[in-house]
Amino acid sequence: MPRRRFLPLVAPMLILLAGLPAIALATDCPTPGQWQREGKVVSTAALMAELAERRVVLLGELHDRLAHHRWQLHTLASLHARQPEMAIGLEMLPREAQPALDAWVAGELDEAGFLAESDWLGAWGYDPDAYLPILHFARMQRIPLLAINVTPALRQRLAAEGWEAVPASERHGLTPPAAASTGYREALAAIYANHPSEGEYEAGLERFIDAQLVWDRAMAQGLAEATEEAALVVGLMGQGHVSYGHGVPHQLADLGIDATAGLMAWNRDPDCTPPTGLADALFTLGDEARFEPPEPQRLGILIAAQEDGVRVDGVGKQSLAEGLGLLEGDLIVEAAGRPVRNPGELTDLIRRQTPGTLLPLTVLRNGATDELLARFPLRDEAR
């Protein structure tokens, strides 16, 4: 499926997990900062000591939640204190970015150089500021950072053409994935139903599931290969790849890696009812809303990469983009006088706009170029 995203980015695998196992009441209601497993509070020391003996630990995140990245950093530090022979695998970057990660860990690149060399905005697009504390921790401790993802183009190619049509040398030696479980198929179908699609629904759904399995398999195989060098490999990835053991854990098991654990951060609800089976252990967050950065600026468009710019594939109702006159099919070729090469660059530029500022956009429509001026509202106006 073409890579599409709303501004700011919202990863499709994070939240829509309807139809999965029911929740059960916890025996002990944990307080913020406590871990729980199977509905019971477990001490950090005991849990970390146990996890340090695993081969792979997965930390499922919500990409745009700063509290999740803080939790990941603290968990990484706890694990590293118990098992220094550790490596960190990143969903955020495809294998082509490995040289940039190696140079970063070796201290050969500054932040700007790393973001450019890794093509962070093009490959991932989420705010790098949320991830940089983790990247600095890895560099200070000389922990290997691993690019375990593949490019959207390769995912699409494998899903559309099939594994036999793509030589092993062109797919990083990846092996075909294990079939999705029934529960995983249901979760992916729920996600697919909430996204615009072209063509016949069932065929599109199968391509979507196939692409997701490529995604999971690529990360699982990258983590599995890393266990040959590191005593413990920790993977950072979206919650949807970890939830209920469906995605990456399922593929790791198929690769013979059974000593794994999936961890997530959890916001305690009033009834203290953590989802049963969601992860091997849950870390309880407090109310972190006031410590999160302000909501990023939005245009309200669905966008996709195109060779000569960023294509508008949808315009939200009553959005800034609708008021601006953007239309589906428009091609945004420049923003603030600079060419935009991919959705990540445009997303990052919009995200960093100060309320009340103006952003010039150059739009190509039906062969003609038009100049539009987006005014981002003040916070009070946006309410």
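Observations, loosely collected:
- Think of the chain as having a plus end and a minus end, set by charges on the Cβ of Lys, Arg, Asp and Glu; of 105, 305, 74, 74 sits farthest toward the positive end of this dipole.
- Estimated from the Cβ-Cβ distance and a Förster radius of 35 angstrom, the FRET efficiency linking residue 368 and residue 110 is about 0.25.
- Over the chain, relative contact order from alpha-carbon pairs under 8 Å, at least 6 apart, %: 25 percent
- For segment 215-373, the gyration tensor built on C-alpha atoms gives a prolate shape. Its axis ratio a/c (a ≥ b ≥ c) is at least 1.5, and a/b is the larger of a/b and b/c.
- For segment 262-291, backbone nitrogen atoms closer than 20 Å to the point 7 Å from residue 41 Cα along Cα-to-C-beta are found at 264-276, 280-288.
- Helix-only [θ]222 nm of the chain, DSSP H runs n ≥ 4, -39500 (n - 2.57) each, per residue, nearest 500: -10000 deg cm²/dmol
- Trypsin sites (Lys or Arg not before Pro) lying in DSSP loop within segment 125-198, provided at most 10 other Cβ fall within 10 Å: 142
- Reference-scaled alpha-carbon Rg (2.2 N^0.38 Å with N residues) for the chain: 1.00
- For segment 298-315, backbone nitrogen atoms closer than 16 Å to the point 7 Å from residue 358 Cα along Cα-to-C-beta are found at no residue.
- Under the simplified labelling scheme, the residue 98-residue 161 pair shows an inter-label distance of 2.1 nm, with each label point 7 Å from Cα along Cα→Cβ.
- Relative contact order %, segment 181-332, counting alpha carbon pairs below 8 Å whose residues are six or more apart: 13 percent
- Stretch gain in nm, segment residue 269-residue 336, where the contour uses 0.36 nm per residue and the Cα spacing is subtracted: 19.8 nm
Coordinate-derived values only; no laboratory data. Note that the coordinates shown come from a computational prediction; the quantities given were computed from them, not determined experimentally. In this analysis, Cβ positions are derived from the backbone assuming ideal geometry, glycine residues included, and neighbour counts consider all displayed protein chains.
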